1. Between segment 242-285 and segment 78-146, how far is it from one alpha carbon centroid to the other, in angstrom?
2. With a ≥ b ≥ c taken as the square roots of the eigenvalues of the C-alpha gyration tensor of segment 3-170, please select rounded if a/c is under 1.5 and otherwise prolate if a/b is larger than b/c or oblate if it is not?
3. So for each of 105-113, 86-94 I average, over its residues, the number of other beta carbons within 10 Å; can you give me the resulting order with the highest mean first?
4. Beta carbons within 10 angstrom, averaged per residue: use that to sort the peptides 9-17, 269-277, highest first.
5. With each pseudo-label sitting 7 Å past Cα toward Cβ, what's the residue 218-residue 105 distance in nm, one decimal?
6. Two-decimal Rg/Rh of segment 16-97 from alpha-carbon positions, Kirkwood Rh?
7. How much length, in nm to one decimal, is gained on full extension between residue 266 and residue 74, taken as 0.36 nm per residue of separation minus their Cα-Cα distance?
8. Per-residue counts of other Cβ atoms within 10 Å, averaged by peptide: what ranking do you get for 145-158, 62-75, 42-55, highest first?
């Protein structure tokens, strides 16, 4: 993948993931549940703890145990510590390697049990989402390695340090994606743009379905491009409204309206197509309703 194109998309995913983690880590029930379960976690993972020499190695262990493999804008993945052929494997003995699978399974079972207990206690985490499980697993082991969790401090800053997985996950070939409960529409659009880049890298084809009677004609190219630009604007700022777009249409591209005007002109001229004038209020409401599948924000 081309990092310059997908980098901003990944950063939005990471930013929302940090906000999602911050929303539940500070819940009082989390600390007490982790403190109670930590002795069991130590007993289960004891043979592998010497390999968790820092926070990064702890994170890699927890992510892999919970089935998370971080993908980066350049297409690379976070190294798998259990893969002897990978870029940064743990120097496991044959005995440790044989034990690793059993340890990972037992530890993941413990983590799932804790997340279920917390869910039942009203903690706003997605107990079935591997990303939230991985964050909780990391919180479970970090104090064992000498790291302090600032329970009474700035949890948002701490959440950034532990690098929580995103709120979306993608199949390796980019054909499908899954999501954490509560993911907003703007982040769903952002995730689908990432998925399309992954799919393109995996040989995805640009297949177009021809017009068929009864399905309606496809919209004009200017409409398609306008909606693409609007979707990108909403992905960056979901609070943007139609009045804001109309009121700033003749302003600089740092405003939502100016950005729409500039991008619409640039993309249509690149295809040697006619550039229409300022869209009407009705047109923009129809566009935003089509993009989101719900009525546009009229505030």
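1. 48
2. Values: a/c = 1.71, a/b = 1.04, b/c = 1.64.
Judged from the Cα gyration tensor, segment 3-170 comes out oblate (a/c at least 1.5, b/c at or above a/b).
3. On the way: 105-113: 17.3, 86-94: 12.4.
Result, highest mean Cβ count within 10 Å first: 105-113, 86-94.
4. Details: 9-17: 18.6, 269-277: 10.0.
Peptide ranking by packing, descending: 9-17, 269-277.
5. Here the modelled spin labels are 4.9 nm apart.
6. Values: Rg = 15.1 Å, Rh = 14.9 Å.
Using only Cα positions, Rg/Rh for segment 16-97 is 1.02.
7. 66.4 nm
8. Numbers: 145-158: 13.0, 62-75: 18.9, 42-55: 15.4.
Sorting 145-158, 62-75, 42-55 by mean packing, highest first, produces 62-75, 42-55, 145-158.
Bear in mind these aren't lab numbers, they're just calculated from the coordinates by the rules spelled out. Nothing here was measured: the structure is a model prediction, and the numbers come from that model. Note: ideal-geometry Cβ built from the backbone for every residue, glycine included; neighbour counts use all protein chains shown.
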